[in-house]
1. Add +1 for every Lys or Arg and -1 for every Asp or Glu among the other residues with Cβ under 15 Å from the Cβ of ARG20, and state the total.
2. Report the charge-dipole magnitude of the chain in Debye, nearest 20, computed about the Cα centre from +1 at each Lys and Arg Cβ and -1 at each Asp and Glu Cβ.
3. Go through 100-109, 11-20 and give me the packing order, highest mean Cβ count within 10 Å leading.
4. Which angle between 0 and 90 degrees, to the nearest 10, do you get for helix 147-159 versus the longest principal axis of the chain when only C-alpha atoms count?
5. Rounding to the nearest 10 and keeping the result within 0 to 90°, find how far the Cα-based axis of helix 2-58 lies from the longest principal axis of the chain.
6. Percent of Cα-Cα pairs more than 30 Å apart in the chain, please.
7. How large is the helix-only mean residue ellipticity at 222 nm for the chain, computed as the sum of -39500 (n - 2.57) over DSSP H runs with n ≥ 4, divided by its residue count, in deg cm²/dmol to the nearest 500?
8. Which residue, chosen from ALA90, THR34, GLY178, occupies the Cα position most advanced towards the positive end of the dipole of the chain, where the dipole is computed from +1 (Lys, Arg) and -1 (Asp, Glu) charges on Cβ about the Cα centre?
Amino acid sequence: TQGKLRGTTSGLRRTIGALRNSLLLYTFAIAGATKGVSSLLQASSRFESLRTRLVGLTGSVKEANQAFNLFNQVAATTPFALDDVVEAGAQLEAFGADATALIKPITDLAAFMGTTAVEAANILRERGKLNIIKTTQGLSDLSKTTLPEFRAALINTLQDPVNGIAGSTDRLSKTFEGAISNMRDNIT
């Protein structure tokens, strides 16, 4: 009887071991698939947000899609990641530069400097912010503008619906990434 009991428990151990191995493989497969889907959703939602941002910056869906497609081509032919190139392009547009004309020189600058495309685009950022205010408000010389005049010009620039800044948060909140952010805020 002892021999039968040992044989039965050995068989039971093998069965439990095989079941455990199957469960582990299944768990790893599910975890890998979940991570893959999560990464895909994050990338898709990020690109949707960037496209939405480009719509506000370029003034039309068609121009935004053309810019996004160009950024994709640049990313495919340079050592920079797609999201880095797209974000750099969005920053260039945000600061009044023609991103479609400058994205390749910006990635060249980034490669030369050993930085990301976004960091290279940020070089133009400080000058770009002042240029937006200067051009939209008709200021010819910022050095002769008083602080109260500059403050008023800045506020007018931010509130003017023509230049694409006003309404940007509303557009972004309607994207998948914006909806997830709003959901998290509601839970918090």
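The values are calculated or read from the model by the stated rules, or taken from the named source; none is laboratory data. Keep in mind that this is a model prediction, so the values were computed, not measured. Note: ideal-geometry Cβ built from the backbone for every residue, glycine included; neighbour counts use all protein chains shown. Heads up: the accessible areas ignore ligands, DNA and RNA and are worked out on the full protein's heavy atoms, side chains in. Shrake-Rupley method; radii C 1.70, N 1.55, O 1.52, S 1.80 Å.
1. My count for the surroundings of ARG20 gives +2.
2. It works out to roughly 1380 debye.
3. 100-109, 11-20
4. Taking Cα atoms only, the helix is inclined about 50 degrees.
5. 10 degrees
6. Result: 43 percent of Cα pairs exceed 30 Å.
7. That comes out to -27000 deg cm²/dmol.
8. Positive-most Cα among the choices belongs to THR34.
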